[in-house]
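Rule-based calculations on the coordinates, nothing more; no lab input. The structure presented is a predicted model; accordingly, all values stated were derived computationally and were not measured. As a convention, Cβ positions derive from the backbone with ideal geometry for all residues, glycine included, and neighbour counts pool all protein chains shown.
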Amino acid sequence: MKKLVLFNKPFQVMCQFTDKEGRQHLGHFVAEKGVYAAGRLDYDSEGLLLLTDDGPLQNRITSSQFNKVYLVQVEGLARKSQLDALRKGVKVQDYMAKAVDVALLHKKPSFVWKRTPPIRARKNKPTSWVEVTLNQGKNRQVRRMMAAVGLPVLRLIRTQIGEWKLDGLGTGEKKIVTID
């Protein structure tokens, strides 16, 4: 049996098991031996991270075989034209990045936890929540895509990878499942 760890990575935690700069990292949360992150979330992103001891599964997760779903809080009110551009594809650095799906949410989802430190609030600048689905996973891709359409990211939470979901895992919590 192979092991898969579903971990809700907190804000400002490194996606590695050590850090020479003394920042919080996976080693502070995941004690299981022999598991490695299947993909990454940057230091400022939160949410679902999968760790496994199965190399072939790790490779499949990081490939385009699995969709990744992100909940994104952006500065400003997201317009249909901006969301359409994400679906059609936007130039990001030296490649085209295209969302599999994009949906504007009418309010912040109820499961979203308070972040420490909190997101800065501007009295005269509203925010929007957008759900973005990708089948790619390039470095800071969601942030770069949103910036390309004029929607700076305030908060980024990955909620799903393939069939695996956060499903009530609190920030810093993990669940271990075995797979065949």
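Some values worked out for this structure:
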quantity	calculated
Pairwise centroid distance, computed over Cα atoms, of region 27-47 with region 70-109, Å	26 Å
From phi via Karplus (6.51, -1.76, 1.60), per-residue ³J(HN,Hα) for region 128-135 in Hz, x at Gly/Pro	10, 10, 10, 9, 10, 10, 10, 10
Inter-label distance, nm, simple model (7 Å from Cα along the C-beta direction), Ala103/Leu77	2.2 nm
Cα-based shape type of region 49-113, given that a ≥ b ≥ c are square roots of the gyration tensor eigenvalues and the cut on a/c is 1.5	oblate
Order of Thr159, Thr18 under a 10 Å beta carbon neighbour criterion, fewest first	Thr18, Thr159
Inter-centroid distance (Cα atoms) of region 151-166 relative to region 1-17, Å	14 Å
Rounded if a/c under 1.5, otherwise prolate or oblate - the chain, Cα gyration tensor axes	prolate
Amide H contacts of Met14 (H built 1.01 Å from N, under 5 Å, at least 5 apart or other chain)	Gln24, His25, Leu26
Gain upon complete extension [Trp164, Gln12; 0.36 nm per residue less C-alpha separation]	52.5 nm
Packing rank of 109-116, 55-62, 42-49, where each peptide gets the mean count of other beta carbons within 10 Å, highest leading	42-49, 55-62, 109-116
Partner aspartates and glutamates for Lys138 [C-alpha distance under 18 Å; skip if fewer than 8 residues away on the same chain]	Asp42, Asp44, Glu46, Asp94, Asp101
Sequence of Lys125, Lys3 once ranked by neighbouring C-beta atoms within 10 Å, starting from the fewest	Lys125, Lys3
For the chain, size of Cβ-based charge dipole, Lys and Arg +1, Asp and Glu -1, in debye	760 debye
Contact order relative to length of region 68-161, as percent, for alpha carbon pairs under 8 angstrom and 6 or more apart	52 percent
Cα gyration tensor category, rounded, prolate or oblate, for region 91-180 with a/c compared to 1.5	oblate
Label-point separation, Lys91 to Asp19 (7 Å along Cα→Cβ), nm	3.5 nm
Potential lengthening between Thr133 and Asn67 on full extension [0.36 nm per residue; Cα-Cα distance subtracted]	23.1 nm
Estimated distance in nm for a label pair at Ser110 and Val177, the labels positioned 7 Å out from Cα along Cα-to-Cβ	2.4 nm
